[in-house]
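The values are calculated or read from the model by the stated rules, or taken from the named source; none is laboratory data. Here the structure is a predicted model, which means the values were calculated and not measured. With ideal geometry, Cβ positions are generated from the backbone for all residues, glycine too; neighbour counts draw on all protein chains shown.
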């Protein structure tokens with residue numbers, strides 16, 4: 001699920017996926033001065049009572065200050081990081097639908113794949129269980145089991161040094177995601193539209209448009225000015241409940257050219273699970289990609305997530321060979 005990006009925020013799911021594929025040789029944008037920055041210090045952590053003190057009272061024009069949004073998005077970013085950790089305690093079912101489009105935007109073909117998502121030795125792994133809503137053949141099912149077994153064997157034999165490097169890399173990715181969410185508060189002018197019910201819960205409805213004169217603090221921030229959108233923030237939990245993002249311009253990176261045509265929309269909806277964590281429910285995106293300036297891919301992507309189940313801490317994922325050895 002999080003292979004699309006670093007966090008559950010759709011901006012991250014899309015934009016971070018682009019940024020991670022960008023050439024590492026590209027130079028970072030010029031940093032803003034201290035006076036321009038509304039971002040917290042890198043080692044700053046929110047106080048436990050901070051979320052209860054957030055004041056989203058708009059001014060006379062219905063606008064929210066950058067300070068208000070900086071505070072809100074800092075809390076949202078930290079809560080998303082907690083969601084990321086808690087997600088590891090869950091297994092779930094993910095269904096991906098890819099619709100390939102012709103030049104007129106009509107569907108040429110549709111492919112659906114359904115996965116069981118597992119956590120194996122700290123690594124989130126997808127086990128394919130259905131193609132086009134039909135169970136796998138014996139041959140394909142055996143291939144999936146072989147893939148899972150290879151991952152288990154690799155992790156069982158992983159050295160302490162390799163494990164530490166892998167965990168440090170994962171932690172860096174999570175921290176990069178948090179920094180990106182915080183960057184959003186600098187990149188946009190926000191307007192509090194009102195409140196609406198999302199999933200039966202009251203949420204703030206906030207519109208965001210690119211802020212003139214915005215200078216990115218991080219490399220990935222340069223993409224933010226190419227989007228506008230609306231977010232729904234759950235008032236009680238201060239979690240992202242829904243996001244609807246519209247592309248304003250073309251985005252390109254590295255050897256790839258991704259075209260998010262003006263007016264294209266990217267939508268994410270999340271749900272509260274077990275009264276302890278917010279996880280994705282539905283995600284859609286329309287992507288027009290030219291690979292190495294040679295081949296075009298026009299695709300509508302849709303992901304749905306369901307059947308979240310708490311994974312017992314005492315449980316252990318084992319491969320086929322381990323089951324056979326126990327007989």
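Whether any residue in the range 226-249 is part of a strand (DSSP E or B) and modelled with pLDDT under 85 is what I want to check. Among the residues of the range 226-249, at least one is part of a strand (DSSP E or B) and modelled with pLDDT under 85, which makes the answer yes.
Here are 301, 279: which of them is surrounded by 18 or more Cβ atoms within 10 Å (Cβ to Cβ) and either at pLDDT 85 or above or in a strand (DSSP E or B) (or both)?
279
Across the range 155-200, what is the total count of residues that are part of a helix (DSSP H, G or I) and surrounded by 13 or more Cβ atoms within 10 Å (Cβ to Cβ)?
Step one: of the range 155-200, the residues part of a helix (DSSP H, G or I) are 155-156, 160-187.
Going one step further and asking which of them are surrounded by 13 or more Cβ atoms within 10 Å (Cβ to Cβ), we end up with 155, 163, 166, 170, 173-187.
Residues that pass the stated criteria total 19.
Within the range 89-127, the only residue that satisfies the criterion of being under 21 Å from residue 171 (Cβ atoms), surrounded by 17 or more Cβ atoms within 10 Å (Cβ to Cβ) and over 18 Å from the mean Cα position of the chain (by Cα) is 120. Only residues that are under 26 Å from the mean Cα position of the chain (by Cα) and surrounded by 11 or more Cβ atoms within 10 Å (Cβ to Cβ) were counted in the range 133-151, giving 4.
I'm trying to understand the selection: among the residues of the range 230-254, which are touching a strand residue (DSSP E or B) at 6+ places or on another chain (Cβ under 7 Å) and farther than 15 Å from residue 72 by Cβ? Once the filter is applied, which keeps residues that are touching a strand residue (DSSP E or B) at 6+ places or on another chain (Cβ under 7 Å) and farther than 15 Å from residue 72 by Cβ, the range 230-254 yields 242, 244, 245, 246, 247, 248, 250, 251, 252.
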